[in-house]
Each structure stands twice: as C-alpha cells, then as structure tokens.
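Participant: Following this message is one structure expressed as structure tokens.
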Amino acid sequence: MQQSLSETVYEALILLISANGPLWEIIGISFSVSGLAILIAVVPAMSIGFLLAFYDFPGRRLLIALFNTLLSVPAVVIGLTFYLLLSRAGPLGDLRLLFTQTAMIIGQIALCFPLLVAMSHTAFQSIERRAWETAITLGHSTLGALYLVVREARFALLAAILAAFGRIIAEVGASMMLGGNILHYTRNIPTAIALETSKGEFAQGIALGIVLLLLAFILNGLLHLFQGKGTLS
C-alpha cells in the first residue's frame, strides 16, 4: 500500500513537471475563470464596503447584516440557485448560459462578492472617518480623498482579494452545477479532482491537489505579508 501510494505521488509530480497538456489546460481554465470573477467583483464590492463604512443611510445596518449572512451560504446552494435561474425552464434560460464558463464566473462572483464587501468594510472601518472628512475639507477631490483612504487600507484590501480568490478557486459545488465539468471547456481543478478520484485515476487528482496546496501556501504567505504592514510601507 505504501509503495503504491509513493508511486502515485511520483507519477503526479511527473505530470506536473513534464507540463502535461490536459493537466495544465485544467489549471489554466481554473485560474482564468476565478481571476476574471475577482476582477469583475472587486470594484463594486469594495465600493459597497466603502459606502457602508463612511456613510449613514436608511437600510445600512440591514445591508451589513445581509452581506454577513451571505458569507455562510454554502457554495452548492449558490450553484443550485443559479442553476434554477439559468436552466431552460428558468427565467434566464433563453440566455443559454448554463454549462458555460460565463455561468461559472457568475456563480463565483456570487460567492466572493459578500466576502469582498465584508472584509473591505472592516478594512475601511479601521480608518477614522475623520481622515475622509479632513481630506475633503483640505480641498481634495472626491477621487483624491478616496485614493488616500484606499492607500491607507491597501494591505487589508489586498488581503480581502487574496482570501476571496482562495475561496472561489477551490470550491467545487457551484462550478460542477453551473459548468457541467466539460472537458477542454469548464473542467477546472476542483471538478477534475472529484472526477479523477471517482474514476480511480489518483495521479492526476493528486497533481491537481498539489497545485491547490501550493496556491493555499502562497496565498497564506501573502496574507501574512500584507498583514505585516510595516514590511511593505
């Protein structure tokens, strides 16, 4: 058993080192889909986080509670919700987005959006509201004052982006339901791991698992680096 496991791990490492085409295609799909989801979500999500931190308006507390609640919604529930919306019988079925990368991106945006809002809200809250008001009073434009606030909170905001990316690139429920795990098109790292291990093809599953472990290690290292603000000031 031990020898068999060692051989499987060795085969997995060979797949990674030899730049196995199908394997790296799966990795590429995973990073491109999750990267695009983050790029689309980050500006509107952090804008909401900024508004919740610096402005008082009716429904503000309700919005904060809503986004905090959405943090605990399982990925499979998000996947089911958008599956029902995008299926042929659903209200958005005519768009024919189900089992496409676009559907996966939509699902991943829905997953990372509450996390980005909540973490950016916390980041902006750590800065005194007077800093924003003082910048405006001193004659800075709204964009100029916003730049100063974002610069002050940049480490926490970067940590939010990394945490959100780590969440969506490793989730399997929504990706499986919305993407359909189609080879060369919607098969990403988590769905490929689920498929290959169910078929008994452990080498490719382990190889992809190693990629996720390395990614988790890198993201955690960057999070610690960004949280240690003095090292990058």
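Participant: Mind checking which pairs have a first residue in region 154-169 that is among the hydrophobic types (A, V, I, L, M, F, W, C) and a second that is at pLDDT below 90 and assigned to a helix (DSSP H, G or I), Cβ under 6 Å, 6 or more apart or different chains?
Facilitator: Every condition considered, the pairs that remain are Phe155/Phe226; Phe155/Lys229; Leu158/Phe226; Ala159/Leu223; Ala159/Phe226; Leu162/Leu219; Leu162/Leu222; Leu162/Leu223.
Participant: Of Thr134, Thr142, Thr102, which residue is surrounded by 15 or more Cβ atoms within 10 Å (Cβ to Cβ), on the phi < 0 side of the Ramachandran plot, without any contact (Cβ under 8 Å) to a residue 24 or more places away in the chain and of a type in the set (Ser, Thr, Tyr)?
Facilitator: Only one candidate passes the filter, namely Thr102.
Participant: If you go through region 51-62 one residue at a time, do you hit one that is touching an Asp or Glu at 6+ places or on another chain (Cβ under 7 Å), modelled with pLDDT under 95 and among the hydrophobic types (A, V, I, L, M, F, W, C)?
Facilitator: No: region 51-62 contains no residue that is touching an Asp or Glu at 6+ places or on another chain (Cβ under 7 Å), modelled with pLDDT under 95 and among the hydrophobic types (A, V, I, L, M, F, W, C).
Participant: Still on this structure: Which of the residues spanning region 16-25 are assigned to a helix (DSSP H, G or I) and under 26 Å from the mean Cα position of the chain (by Cα)?
Facilitator: Result: Leu16, Gly21, Pro22, Leu23, Trp24, Glu25.
Participant: Take the conditions touching a residue at least 40 places away in the same chain (Cβ under 8 Å) and either in contact with a strand residue (DSSP E or B) (Cβ under 7 Å, 6 or more places away or on another chain) or part of a helix (DSSP H, G or I) (or both) and apply them to Leu116. Does it pass?
Facilitator: yes
Participant: What are the residues in region 120-131 that are part of a helix (DSSP H, G or I) and either of a type in the set (Lys, Arg) or surrounded by fewer than 21 Cβ atoms within 10 Å (Cβ to Cβ) (or both), if any?
Facilitator: Those that are part of a helix (DSSP H, G or I) and either of a type in the set (Lys, Arg) or surrounded by fewer than 21 Cβ atoms within 10 Å (Cβ to Cβ) (or both): Thr122, Gln125, Arg129, Arg130, Ala131.
Participant: A follow-up question, please. Count, please, the residues in region 47-75 that happen to be surrounded by 15 or more Cβ atoms within 10 Å (Cβ to Cβ) and either outside any helix (DSSP H, G or I) or in contact (Cβ under 8 Å) with a residue 24 or more places away in the chain (or both).
Facilitator: 10
The values are calculated or read from the model by the stated rules, or taken from the named source; none is laboratory data. It should be emphasised that the depicted structure is a prediction, and the values quoted were computed from it without experimental measurement. Cβ sites come from the backbone with ideal geometry, for glycine too, and all protein chains shown count toward neighbours.
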